[in-house]
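J.: Below is a structure I'd like to ask you about.
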Amino acid sequence: MASSYVLASPSRYVQGSGVLAELGEHVGKLGSSPLLVSDDVVWGIVEEGLSASFDDAGLPVVRVGFQQYATAKAVDELVATIQEAGHDVVVGLGGGSAIDAAKAAGHLAGIRWASVPTAASSDAPTSALSVIYTEEGEFEEYRFFPRNPDLVLIDTRLVANAPVQFLVAGIGDALATWIEARATVRGQGSTMAGGRPTHAGAALAELSWRLLHENALLALDAVRAKVVTPALEAVVEANTLLSGLGFESGGLAAAHAIHNGLTAAPQTHGLSHGQKVNIGSVAQLVLEGAPAQEIEDFVVFTTEVGLPNSLTEVGLSPEHTDELRAVAELATVEGETIHNMPFPVTPDMVVQALVAVEGISRRVRAENGLPEPELYEAEH
């Protein structure tokens with residue numbers, strides 16, 4: 001059991017409309033031979049502005065493509081590329097997997113690393129860890145690093161022009177932060193930062209929760225209109241910085257463990273991280289016996305945001321007993337964050353919570369005039 005209290009954070013966080021133009025200036029302080037990691041879609045979006053920024057800073061533009069998942073093989077290939085060319089800083093551009101792969105490769109290669117998300121779709125960019133998946137997209141392991149990224153830069157103009165479902169996914173990921181941090185505080189577990197939750201970590205998690213409830217719907221309106229507003233800036237900060245620091249130094253619990261468990265169900269593989277996490281959040285609220293009003297409010301709010309909060313929406317049902325058992329077994333393996341809950345959690349408890357979620361979601365939606373749950377189409 002950890003006895004120390006630890007707060008971890010990136011060295012520098014930069015956010016705002018048009019800040020991609022400053023990337024070369026910031027990366028130039030970290031090294032002179034950067035390697036850029038992104039998929040083709042992201043590169044098509046950022047190449048022109050990034051190249052101009054790097055030219056202004058006198059930096060070469062060297063980019064390697066990246067596929068869907070941050071796998072051990074993909075990380076090792078990046079390390080080989082870094083070492084063969086003598087790169088001294090690696091920059092992950094785009095989504096969480098490209099950023100996770102860049103962080104893991106930078107650590108193994110012994111160089112500095114930076115995170116440049118092009119959407120506020122997860123809280124991965126600020127952390128000192130990467131999530132590694134199998135080639136099939138199943139959760140494999142967390143990899144922990146001795147330090148956080150040297151730089152996190154997010155251009156809210158890019159966020160405003162990204163598909164709205166990316167911001168929705170980030171909200172789903174960030175909403176779990178306070179739910180999990182407060183459970184970790186009540187229990188005896190450790191955070192991803194390697195100690196007990198600090199008051200600062202928990203406070204940042206709660207601030208993320210508050211900003212999301214105050215601004216999420218207005219921020220989604222802004223992205224649909226492709227404009228940057230104060231509400232969007234607030235949600236980007238909540239999704240990226242506050243949730244990132246909040247989960248790492250406040251603690252993860254059942255929600256993310258159940259997300260990891262859901263990767264065992266093939267039906268969920270096309271869903272975003274934040275969509276699966278939101279199922280975990282509802283299930284955690286049920287597991288811990290949260291007040292009925294809190295659970296019902298969460299179902300209403302996340303339905304309005306566009307997040308799944310029922311099994312139906314992620315391709316499952318209470319009748320999928322084998323799949324739900326596999327989810328629960330994976331969610332409760334030794335070392336999983338579900339054991340940060342302030343009480344012991346068994347696979348049977350997880351199955352029962354997931355089954356209960358379906359009926360709760362349907363009832364609350366019906367009582368509030370909201371649409372019945374329907375299967376979400378896989379987004380990527």
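J.: Cβ contacts < 8 Å: first residue surrounded by 18 or more Cβ atoms within 10 Å (Cβ to Cβ), restricted to segment 285-309; second residue at pLDDT below 95 and part of a loop (DSSP other than H, G, I, E, B), any location; separation 6+ or different chain. Result?
T.: Every condition considered, the pairs that remain are 308/271; 308/376.
J.: Can I ask one more? Looking at 114, 169, can you tell me which residue is buried (at least 24 other Cβ atoms within 10 Å of the Cβ), farther than 21 Å from residue 220 by Cα and among the hydrophobic types (A, V, I, L, M, F, W, C)?
T.: 114
Matching residues to (1) crowded, with 18+ Cβ neighbours inside 10 Å; (2) under 25 Å from the mean Cα position of the chain (by Cα):
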residue: 11; (1), (2): no, yes
residue: 26; (1), (2): yes, yes
residue: 50; (1), (2): yes, yes
residue: 54; (1), (2): yes, no
residue: 69; (1), (2): yes, yes
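J.: Okay, next question. From the list 337, 240, 332, exactly one residue is surrounded by fewer than 24 Cβ atoms within 10 Å (Cβ to Cβ) and of a type in the set (Ser, Thr, Tyr). Which is it?
T.: It is 332.
Listed here are the residues, each with its yes/no results for (1) of a type in the set (Val, Ile, Thr); (2) at pLDDT 95 or above.
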site	(1), (2)
23	no, yes
33	no, yes
37	yes, yes
43	no, yes
53	no, yes
56	no, yes
60	no, yes
64	yes, yes
67	no, no
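J.: Would you please list the contacts, defined by Cβ atoms under 8 Å and residues six or more apart or on different chains, that run from a residue in segment 67-91 that is over 11 Å from residue 105 (Cβ atoms) and touching a residue at least 60 places away in the same chain (Cβ under 8 Å) to a residue that is among the aliphatic types (A, V, I, L, M) and in a loop (DSSP other than H, G, I, E, B)?
T.: 89/30; 89/111
J.: For segment 217-336, list the helices (runs of 4 or more DSSP H) that sit wholly inside it and hold at least 1 residues that are among the polar types (S, T, N, Q), more than 20 Å from the chain's Cα centre (by Cα) and assigned by TED's automatic domain parsing to the domain that holds residue 352; which are they?
T.: Filter on segment 217-336 gives 292-305, 321-331.
J.: Restricting attention to segment 99-117, which residues are of a type outside the set (Phe, Trp, Tyr) and under 16 Å from residue 244 (Cβ atoms)?
T.: 99, 100, 102, 103, 114, 115, 116, 117
J.: While we're looking at this one, here's another question. Do we find a residue being within 24 Å of the chain's Cα centre (by Cα), in a loop (DSSP other than H, G, I, E, B) and in the same structural domain as residue 255 (by TED's automatic domain parsing) anywhere in segment 363-374?
T.: no
J.: Please specify each residue of segment 237-277 satisfying the condition of being over 17 Å from residue 141 (Cβ atoms) and acidic (Asp, Glu).
T.: Within segment 237-277, just 237 meets the criteria.
J.: Another question, then. What number goes with the only condition from (1) within 19 Å of the chain's Cα centre (by Cα); (2) farther than 22 Å from residue 166 by Cβ that residue 85 does not pass?
T.: Residue 85 satisfies every listed condition except (1).
J.: Here are the criteria: (1) of a type in the set (Ser, Thr, Tyr); (2) surrounded by fewer than 20 Cβ atoms within 10 Å (Cβ to Cβ); (3) at pLDDT 95 or above. Tell me which single one residue 126 does not satisfy.
T.: (2)
J.: Would you mind telling me which numbered condition in (1) among the charged types (D, E, K, R); (2) surrounded by 23 or more Cβ atoms within 10 Å (Cβ to Cβ); (3) not assigned by TED's automatic domain parsing to the domain that holds residue 336 residue 180 fails?
T.: (3)
J.: Keeping to segment 41-99, report how many residues are small (Gly, Ala, Ser) and part of a helix (DSSP H, G or I).
T.: So the answer is 13.
J.: To continue, here is another question. Out of segment 187-215, which residues are farther than 22 Å from residue 297 by Cα, out of contact with any strand residue (DSSP E or B) (no Cβ under 6 Å at 6 or more places or on another chain) and not β-branched (Val, Ile, Thr)?
T.: Answer for segment 187-215, where residues must be farther than 22 Å from residue 297 by Cα, out of contact with any strand residue (DSSP E or B) (no Cβ under 6 Å at 6 or more places or on another chain) and not β-branched (Val, Ile, Thr): 187, 188, 189, 190, 193, 194, 197, 199, 200, 201.
The values are calculated or read from the model by the stated rules, or taken from the named source; none is laboratory data. Everything numeric here is computed off the predicted structure, so don't read it as measured data. Reconstructed Cβ throughout: ideal geometry from the backbone, glycine too, with neighbour counts over all protein chains shown.
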